[in-house]
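> Have a look at the structure that comes next, please.
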Amino acid sequence: MNVQVLGGLTSNFGELWDTSPRSLVRETCYQLFKNTSLPKSKIDAVLVANMLSSSLGNQDHLGAFFAEELGLNVPAVKVEAACASGGMAVHLAVLSILSGQYKNVLVVGVEKMTDYKPELVNKALMGAGSEGEREAGATFSSLYALMATKYMAEYKTKEEELAQVAVKNHYHASLSSHAQFKNQITIDAVLKSPMIATPLKILDCSPISDGAAALILSSDNKNSKVSIVASQSGSDSLSLSQRENLTSLKAAVISSRNAYKQAGITPEDIDVAEVHDCFTIAEIIAMEDLGFFKKGEAAKNIFAKKTWLGFGRPVVNTSGGLKAAGHPVGATGVKQVVEIFHQLNQTAGKKQVRNARIGLTHNVGGSGGTCVIHILKRN
């Protein structure tokens with residue numbers, strides 16, 4: 001398969017209290033049209049990735065909502081797959097182009113979260129969990145804390161090794177113009193930050209964020225240097241209690257293996273990756289699920305800077321990841337593809353990975369109920 005990425009753009013991520021979802025999407029998309037020199041009249045369809053517009057914003061009909069805002073009278077629909085909404089929207093856009101139905105598809109991811117009380121946001125986010133978890137009062141912090149506790153006990157992982165994930169991603173975010181947190185942090189700062197759900201502290205957790213990201217995907221290969229060469233998704237149980245294993249996400253294992261096969265590559269071929277580090281333990285587990293490290297070895301390799309910019313391959317979360325770039329949930333999966341596009345297009349600025357030719361994105365919904373993988377290659 002071969003779907004071209006004509007362009008990608010990300011808004012600033014953060015506490016954007018003076019910015020509405022309308023203006024976030026409008027400004028991001030119009031700048032994208034300008035950058036790609038593609039008239040908006042050439043757009044055949046719009047896919048809008050979003051998780052929380054209904055529960056927080058009382059607005060469901062986002063396809064028509066943003067098509068109207070952008071002045072596009074084309075098929076437009078909202079895509080929801082929890083925190084993997086962005087990745088799923090890209091996946092469906094790829095399939096629609098491969099089917100021959102559309103030539104140029106605009107994918108938009110957007111979320112506005114900071115206008116609401118944290119307890120309301122947490123309740124809304126747990127809509128991606130199981131009924132039993134909600135009845136027990138669980139949050140995603142506590143669910144990932146259970147996964148961290150199991151992983152640490154099984155592989156003798158230290159809290160300092162979890163903390164190093166956050167340190168790395170804050171360092172990468174310090175090189176980004178769009179990240180929510182551009183400050184560098186230390187392992188000691190992570191360890192001394194307030195406990196959220198043992199062993200996860202506040203600096204082990206991604207923030208509540210606002211933001212938007214947009215991509216134009218196309219069947220036209222004349223004006224693009226970057227292609228999506230694999231697009232796969234997988235699923236698993238909503239509830240942790242139904243999982244075979246708490247130290248791996250089956251959806252990620254299955255979808256990544258299928259993506260490698262589709263692209264005709266192996267994990268060793270990946271130069272740069274954006275993975276779903278909603279919590280530090282999530283990045284560690286992802287490194288093993290994706291085949292970058294053997295089981296139980298990811299934490300030690302991250303601690304040794306094997307995935308840091310300028311140190312090894314693959315370089316992971318050059319955007320700062322969810323942890324430091326921010327996590328406006330509907331926008332995250334789109335932002336990941338935007339970041340890899342710029343890495344392969346050699347337009348990533350200070351965080352550019354030298355000679356990056358193949359990149360991967362890993363976008364997870366809930367605690368692993370959904371996972372979407374994309375592999376991109378420089379043409």
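Please treat every number below as a calculation from the coordinates, not as lab data. What you see is a predicted model; the values in this text were computed from it and never measured. Glycine also receives a Cβ, built like all others from the backbone with ideal geometry; neighbour counts cover every protein chain displayed.
> Any idea what the dipole of the range 172-224 comes to, in debye rounded to 20, about its Cα centre with Lys/Arg Cβ at +1 and Asp/Glu Cβ at -1? Spell out each step's value before the answer.
Numbers: 4 positive and 4 negative charges, 18 e Å.
Dipole magnitude for the range 172-224 comes out near 80 debye.
> Averaging over every viewing direction, what projected area does the convex hull of the Cα atoms of the range 250-367 cover, in nm²?
Working: hull surface 27.5 nm².
The directionally averaged projection comes out at 6.9 nm².
> Oh, and also: What is the magnitude of the charge dipole of the chain about its Cα centre, with +1 placed on the Cβ of each Lys and Arg, -1 on the Cβ of each Asp and Glu, and no other charges, expressed in debye to the nearest 20?
On the way: 38 positive and 34 negative charges, 242 e Å.
With Lys and Arg at +1 and Asp and Glu at -1, about 1160 debye.
> Could I have the simple spin-label model distance between GLU297 and ASN379, label points 7 Å from Cα toward Cβ, reported in nm to one decimal?
It works out to 3.7 nm between the two label points.
> I want the antiparallel fraction of DSSP beta bridges within the chain, as a percent rounded to 5. If you can, show how the numbers build up before the last one.
Working: 37 of 52 bridges.
Rounded to the nearest five, the antiparallel share is 70 percent.
> May I pose another question? How far apart, in nm, are two points set 7 Å out from the Cα along the Cα-to-Cβ line at TRP17 and at LYS305?
3.9 nm
> Next question. How big is the range 1-132 by Rg and Dmax over its Cα atoms, in Å?
15.2, 50
> Can you pull a Stokes-Einstein diffusion coefficient for the range 66-133 at 37 °C (0.692 mPa s), Rh from Kirkwood over Cα pairs, as a whole number of µm²/s?
On the way: Rh = 14.3 Å.
Diffusion coefficient, whole number: 229 µm²/s.
> Follow-up question, since we're still on this one. Once phi is turned into θ = phi - 60°, what whole-Hz ³J(HN,Hα) does the Karplus curve with 6.51, -1.76 and 1.60 give for every residue of the range 285-290, x standing for Gly and Pro?
Residue by residue, the range 285-290 yields 5, 4, 4, 8, 4, 7 Hz.
> Sum -39500 (n - 2.57) across every DSSP H segment of at least 4 residues in the chain, then divide by the residue count to get the 222 nm mean residue ellipticity, nearest 500. Working shown, then result.
Details: 13 runs with 140 residues, N = 379.
That comes out to -11000 deg cm²/dmol.
> Another one. Please compute the volume of the convex hull spanned by the alpha-carbon atoms of the range 119-222 and report it per residue in Å³. Walk me through the intermediate numbers first.
Values: hull volume 19.3 nm³, N = 104.
Spread over its residues, the Cα hull of the range 119-222 gives 186 Å³ apiece.
> Which order do the peptides 197-205, 358-366 take when ranked by the mean count of other beta-carbon atoms within 10 Å per residue, highest first?
Listed from highest to lowest mean packing, they are 358-366, 197-205.
> Contact order normalised by length for the range 84-221, with contacts defined as Cα pairs under 8 Å and 6 or more residues apart; what percent is it?
After rounding, I find 38 percent.
> Give the whole-number value, in cubic angstrom per residue, of the convex hull volume spanned by the C-alpha atoms of the chain. If you can, show how the numbers build up before the last one.
Details: hull volume 45.2 nm³, N = 379.
Cα-based convex hull of the chain, divided per residue, equals 119 Å³.
> With only Lys, Arg, Asp and Glu charged, each at its Cβ (+1 for the first two, -1 for the last two), find how big the charge dipole of the range 1-44 is about the Cα centre; round to the nearest 20 debye. List each step's numbers first, then the result.
Working: 5 positive and 4 negative charges, 49 e Å.
Result for the range 1-44 is approximately 240 debye, rounded to the nearest 20.
> Show me 91-97, 102-108 ranked by packing, highest mean number of other Cβ atoms within 10 Å first.
Working: 91-97: 21.4, 102-108: 24.7.
Taking the mean over residues of other Cβ atoms within 10 Å, the ranking is 102-108, 91-97.
> So for the pair ASN183, MET1, with labels modelled 7 Å out along Cα→Cβ, what separation do we get in nm?
4.2 nm
> Relative contact order (percent) for the range 270-379, with alpha-carbon contacts under 8 angstrom and 6 or more residues of separation?
Details: 170 pairs, mean separation 34.4, N = 110.
Once normalised by length, the contact order is 31 percent.
> With just the Cα atoms defining each centre, how far is the range 273-341 from the range 14-42? Give it in Å.
The range 273-341 and the range 14-42 have Cα centres spaced 27 Å from each other.
> May I ask you to compute the full-extension gain from GLN31 to ASP115, defined as 0.36 nm times their residue separation minus their alpha-carbon distance, rounded to one decimal in nm?
Working: separation 84, 0.36 × 84 = 30.24 nm, distance 2.49 nm.
Gain in length upon complete extension: 27.7 nm.
> Going highest first, how would you order 79-88, 151-160 by mean Cβ packing within 10 Å?
On the way: 79-88: 27.9, 151-160: 15.9.
Descending packing order for the listed peptides: 79-88, 151-160.
> Give me the number: length gained by fully extending HIS61 to LYS42, i.e. 0.36 nm times residue separation minus the C-alpha to C-alpha distance, one decimal in nm. The partial results should precede the final answer.
Working: separation 19, 0.36 × 19 = 6.84 nm, distance 2.29 nm.
Value of the extension gain: 4.6 nm.
> To the nearest µm²/s, what D does Stokes-Einstein give for the range 180-222 at 37 °C and 0.692 mPa s, using the Kirkwood radius over alpha carbon pairs as Rh?
On the way: Rh = 13.7 Å.
The calculation lands on 239 µm²/s.
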